[in-house]
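A short reminder: the numbers here are calculations on the coordinates, not readings from a lab. Remember, it's a predicted structure, so these values are computed and weren't measured experimentally. Virtual Cβ from ideal backbone geometry, glycine too; neighbours counted across all protein chains shown.
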4 protein chains.
Amino acid sequence: MGRRRSEETRQAILDAALDELTERGYAGLTIEGIAARAGAGKQTIYRWWPSLADVVLDAMLDRAADLVPDPTTGNLAGDLRDFLTATFRQRGPQREILRGLMAQAVLDPVFAEAFRERFIQARRAALRTVLDRGAARGELDPAVDPELLVDVVFGVLWYRLLIGHAPLDDGEGETLAALVLRAAGT
Amino acid sequence: MGRRRSEETRQAILDAALDELTERGYAGLTIEGIAARAGAGKQTIYRWWPSLADVVLDAMLDRAADLVPDPTTGNLAGDLRDFLTATFRQRGPQREILRGLMAQAVLDPVFAEAFRERFIQARRAALRTVLDRGAARGELDPAVDPELLVDVVFGVLWYRLLIGHAPLDDGEGETLAALVLRAAGT
Amino acid sequence: MGRRRSEETRQAILDAALDELTERGYAGLTIEGIAARAGAGKQTIYRWWPSLADVVLDAMLDRAADLVPDPTTGNLAGDLRDFLTATFRQRGPQREILRGLMAQAVLDPVFAEAFRERFIQARRAALRTVLDRGAARGELDPAVDPELLVDVVFGVLWYRLLIGHAPLDDGEGETLAALVLRAAGT
Amino acid sequence: MGRRRSEETRQAILDAALDELTERGYAGLTIEGIAARAGAGKQTIYRWWPSLADVVLDAMLDRAADLVPDPTTGNLAGDLRDFLTATFRQRGPQREILRGLMAQAVLDPVFAEAFRERFIQARRAALRTVLDRGAARGELDPAVDPELLVDVVFGVLWYRLLIGHAPLDDGEGETLAALVLRAAGT
DNA sequence: TCCTAAACGAGACGGTACGTCCTGTCTTTGT
DNA sequence: ACAAAGACAGGACGTACCGTCTCGTTTAGGA
């Protein structure tokens, strides 16, 4: 029995989280700040999310912008290129959010699992699908472990995202796609 | 003029930082905890390090264990394999430290710069040297940007270190070395 | 709305303040010490009292022992004598508390106002009542400003309390009462 | 034997103490602040004065302004009036200094003794001399303890100085002198 | 239509750590 | 030996958030 969870409040909290994130940056996020901005009680946040990072993860996944690319050009080269350019293109608060979530995942093993299962895995699976389709077409050398290729792609992506020493844009996506093909194409 | 910085205290603080890190993990580190364990005043820490992460970075770099590998087998394949196996082999608190430092670098732009310049750059430069020697021997396709190869190697390393979904050991080092050679060798 | 102030905690803090005062003396009082002894958070003290001295003032006023004397013997001489002996008789931590509060009032103008209004004024008013009753009975020379007499009484009291060069007891109370009568009686 | 105490430095410290006192008020005084302003080392202050209050006491006593009045009009009424008006007239930082010193004396028993002996006693003795001269002339009722009269005078002075509820000026000095005469004159 | 139970905003609570300030001591280098 | 400079251990400050805990209030079913 009893009152049901308020969808309105849930949205207000996710919105507030993204707003705070934009204004103060990830390191400036606090439960109190989000609750105050959302006009919600802190308890309401603690009731529904295990940690701050989970709120942010929910907020991000709730936003349409965060679709996983699923290119189907008909050949591995095209699919890889499209996947990588689409992935490298993300902008705005998105990058700051991803950086923050990864930092939290590193510091908090409980959140790490949620992050892996709800975010990382989906991306890996999408790329894996692209590679498997290529393999089925004989475009991939069977001697190369596709999981390693997935690591290479997301490794470069995250490394640059976290360190910030090199750009992440369409051109870089294409360059990396070309390298992966050189390494694993037939 | 005035009293000089106490090297004894400096060491006590770095030691205490590593001890606390081992006992409580990176997320459990506090300035107060380190100061108390070192028998030092907090002010002394604030006087010499801009942030907690800088203390940890100093502590890590001060320990001999973190030598950057510099293999010289005479050919690119051997050098790459040795570099990667040596790099992938690091153990003990080292990994936890690196994960924590990267998380801090993500959350704190000021520390990020120190981390990049004092840690990341040294590793990149070492690998770059290996690649450049290979290129000089004609073992590397000039069409491939060596910086991208560096990103691939450290990208995979960090990605696995942070996500923890796949092992980091000698075998993996060799496998990645082989992939890099396939991608960029002549 | 929200949770109400905890009366239990309030009492624990006032008790802790008096205990600390007895153990360490006024100069040894700290917010941290009181909070720790009361099992309270520091914030709780800061939330309800503007300064340490206000806590002590509250603690003192909360204790029944500090009743203001209001003698009614029927004549000025008796009332004055009773008022002064009762006032000069206070003992135990009371004196240490008063000395400390006066010191704080001197150093902190904000607290000074609270001290004047909540403590000093009540005492002055009580004595003034005694004098006014005497004046109504024609026992006081109208040429003498009763406020000055109040200053004389409390001046001597505080001067001895602060300097500690002379005793404060029943005999001294009677002696001062006699002097005031000589100065202002008819 | 070794370098002698620098009188120049001593003066610089006393000057700095008074300057800081004027700028920040008594509660804002610190050893560090005085040392910095004097261009002196903290150690130098610790070497020569047992506490901050002793520095201030020295500074005040070093200044000519702080002469003890010694009136000689030839009769008790005139002497008392002159003594009290001169005493009540003190102005400027003097009052703030006195208030601060009394607060310190209350909080620090060690300084209290120095304060009593070096400041309070001199004032009491001066007034006592005035009274004793009056007594010798037969102008004082032998039944009244002159020490109590001293307490009355300085009690009213300090009480008003500390509480600040009533003025301290020539008129008040005369009024109090008149009261004392009424109480103890023949 | 009431009853009851959960969710809600609000905000006090016990805690922990923060980064700052000052204390009193010590070391170092002049003078 | 005294002095300026300033690092040191220590301790309290006042603040910010944490996660938990009452408080009324609001919003549902189920009786």
Placed amide H near C:Gly185: partners under 5 Å, 5+ positions off or other chain
C:Asp141
Non-local residues with an amide H under 5 Å from the amide H of B:Thr73, with H modelled 1.01 Å from N and Pro and chain starts lacking one, are B:Asp79
Could you give P(r) for chain B, binned at 5 Å from zero, as whole percent values over all Cα-Cα pairs?
1, 7, 15, 17, 16, 13, 10, 8, 5, 4, 2, 0, 0
Note on the range C:1-49: the mean projected area of its alpha-carbon convex hull, in nm², is 3.3 nm²
Intensity falloff of the range C:71-131 expressed as log10 I(q)/I(0), Debye formula with alpha-carbon point scatterers, at q = 0.21, 0.24, 0.27 Å⁻¹:
-0.89, -0.99, -1.07
Protection proxy ranking, peptides B:96-108, C:23-35, average beta carbon neighbours within 10 Å, highest first:
B:96-108, C:23-35
Got a sec? How would C:Thr186, D:Thr129 order by Cβ neighbour count within 10 Å, fewest to most?
C:Thr186, D:Thr129
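For chain B, what relative contact order do you get, as a whole percent, if you take Cα pairs closer than 8 Å and at least 6 residues apart? Walk me through the numbers before you get to the answer.
Details: 160 pairs, mean separation 42.5, N = 186.
Relative contact order for chain B comes out at 23 percent.
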Just counting partner chain Cβ atoms within 10 Å, what average do the residues of peptide C:168-181 show around their Cβ?
2
Please report Rg (one decimal) and Dmax (integer) in Å for the Cα set of the range B:14-75.
14.8, 52
Förster radius 60 Å - calculated FRET efficiency between B:Leu61 and D:Ser51, Cβ distance, rounded to 0.05
0.85
Read phi for every residue in the range D:145-158 and hand back ³J(HN,Hα) as whole Hz from Karplus 6.51 cos²θ - 1.76 cosθ + 1.60, θ = phi - 60°, with x for Gly and Pro.
5, x, 4, 5, 5, 4, 4, 5, 4, 6, x, 4, 4, 5
From the phi of every residue in the range B:36-47, what ³J(HN,Hα) in whole Hz does the Karplus formula 6.51 cos²θ - 1.76 cosθ + 1.60 yield, where θ is phi - 60° and glycine or proline is x?
4, 5, 7, x, 10, x, 4, 3, 4, 5, 4, 5
Just add up the charged neighbours of C:Leu148: K/R +1, D/E -1, any other residue whose Cβ is under 13 Å from the Cβ of C:Leu148.
-2
Scan chain B for the residue whose Cβ is closest to the axis carrying it onto chain D, then write down that distance in whole angstrom.
B:Gln43, 5
Pop out the Kirkwood hydrodynamic radius of the range D:108-151 from its pairwise C-alpha distances, inverse of mean 1/r, in Å to one decimal.
11.5 Å
Under the convention of a label 7 Å out along Cα→Cβ, give the distances in nm from C:Pro167 to the same position in every other copy, shortest first.
4.0, 9.0, 9.4
Using the basic label-point model (7 angstrom from Cα toward the beta carbon), what is the B:Val110 to D:Asp170 distance in nanometres?
6.0 nm
If labels are modelled 7 Å from Cα along the Cβ direction, D:Pro69 lies from its partners in the other copies at nm distances, smallest first, of 3.2, 9.2, 9.3
Output ³J(HN,Hα) for the range C:165-176: one whole-Hz value per residue in order, computed from phi by the Karplus curve 6.51 cos²θ - 1.76 cosθ + 1.60 with θ = phi - 60°, and x for Gly and Pro.
8, 9, x, 10, 8, 4, x, 5, x, 5, 4, 5
Largest to smallest principal axis extent of the C-alpha atoms in the protein assembly as shown, angstrom
128, 85, 36
In Å, the Kirkwood estimate of hydrodynamic radius for the range B:36-113 over Cα pairs equals 14.8 Å
The base-10 log of I(q)/I(0) that the Debye equation returns for the range D:91-186 at q = 0.10, 0.16 Å⁻¹, one scatterer per C-alpha, is -0.32, -0.77
Determine the relative contact order of the range B:1-82: mean sequence separation of Cα pairs under 8 Å and six or more apart, normalised by residue count, in whole percent.
26 percent
How far is B:Glu8 from itself in the other copies, in nm, if each label sits 7 Å out from Cα along the Cα-Cβ line, shortest first?
3.6, 4.9, 6.7
